[in-house]
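Novice: Got a structure for you, written out below as structure tokens; questions coming shortly.
The values are calculated or read from the model by the stated rules, or taken from the named source; none is laboratory data. Being a predicted model, the structure only gives us computed values, none of them experimental. Cβ placement follows ideal geometry from the backbone for every residue including glycine, while neighbour counts extend to all protein chains displayed. To get the accessible areas, we keep the full protein, side chains included, count just its heavy atoms, and leave off ligands, DNA and RNA. Shrake-Rupley method; radii C 1.70, N 1.55, O 1.52, S 1.80 Å.
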Amino acid sequence: MDNASTKKIKLDNLQMSNVHVKYLQRNDGFGAGHNSVLKDLDSDYHIIMNPDVSLNDTDGLIKAINYMNSHSDVVLLSPLVRNENDNQIQYLNRMEPTVFDLLIRFLGPNFFSKRQSKFVKKLGGYDHIQLEENATGSFMLTKTIELKKINGFDTRFFMYFEVTDLTKRMAEEGKVIFFPYFTIVHGWKRDNHTLKGLRPMILSMIKYFNKWGWKLY
């Protein structure tokens, strides 16, 4: 799916008979872009994946699918995510956010560092299967029927918090889990730690807490 990108990559002429590209005329946001294919899905599972993700661990993906096949109550699965340049773990198995947690993360890693470590579950958050409170949008393996049941993403979120919101809504349908036996590589770029990304992040944060209730600390 090409979400009305400014840099067009034409895939139509490539020899990929099982790949179908959908070109959108305008960018209505991350969630709206993904929702545009919902009505076309006829599958047991649906993958939501960023274009900067490398998926080399096919054995791990098969393990993840087999796990979901044998655990019917699991509706969304998040993998272990590693950096592209140094293969270090990206700490994306996060707790449900509070206003305080979001503020200190913007200020930098040295502000309330113990609290920040707890938020991203540095201790014990990446070595075993566990419930996921705040999935990463870089890659999600979802059960299609449940994703359709909640009508996909809430499109009121143009960017930021749409995945956190989706996590909570999917968790109302079943279990959302972190699965460390499947690894992806993610070329990470974060605009929300810049002035450019601050305004849309704050607007989405207000929408999120207005919807789910304000948790200050």
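Novice: Name the long-range amide H neighbours of residue 130: under 5 Å, sequence gap of 5 or more, or other chain; modelled H, no Pro or chain starts.
Specialist: 178
Novice: Longest exposed-loop-site-free stretch of the chain, with GluC sites (Glu not before Pro), DSSP loop and at most 14 other Cβ within 10 Å?
Specialist: Values: sites that count: 84, 172.
So the longest stretch without any such site is 85-171.
Novice: To continue, here is another question. List the trypsin sites (Lys or Arg not before Pro) within the stretch 12-98 that DSSP assigns to loop and that have no more than 10 neighbouring Cβ atoms inside 10 Å.
Specialist: Taking the stretch 12-98 and a limit of 10 other Cβ atoms within 10 Å, the loop trypsin sites (Lys or Arg not before Pro) found are 26.
Novice: To continue, here is another question. What are the ³J(HN,Hα) values, in whole Hz, obtained from phi via the Karplus relation 6.51 cos²θ - 1.76 cosθ + 1.60 with θ = phi - 60°, for each residue of the stretch 136-143 in sequence order, with x given for Gly and Pro?
Specialist: 8, x, 5, 7, 9, 9, 10, 7
Novice: Quick one: which residues, 5+ away or cross-chain, put their amide H under 5 Å from the amide H of residue 121? H built at 1.01 Å from N.
Specialist: Amide H neighbours of residue 121: 95.
Novice: Please go through the residue pairs 22/143; 114/143; 118/149; 22/121 and name each one whose alpha carbons sit more than 31 Å apart in this structure.
Specialist: As for pairs spanning more than 31 Å Cα to Cα, those are 114/143; 118/149; 22/121.
Novice: May I pose another question? Residue 153 accessible area, nearest 10 Å², 1.4 Å probe?
Specialist: Counting only protein heavy atoms, residue 153 exposes about 10 Å² to solvent.
Novice: In vacuo Debye scattering of the chain, one point per C-alpha: log10 I(q)/I(0) at q = 0.11 Å⁻¹?
Specialist: -0.56
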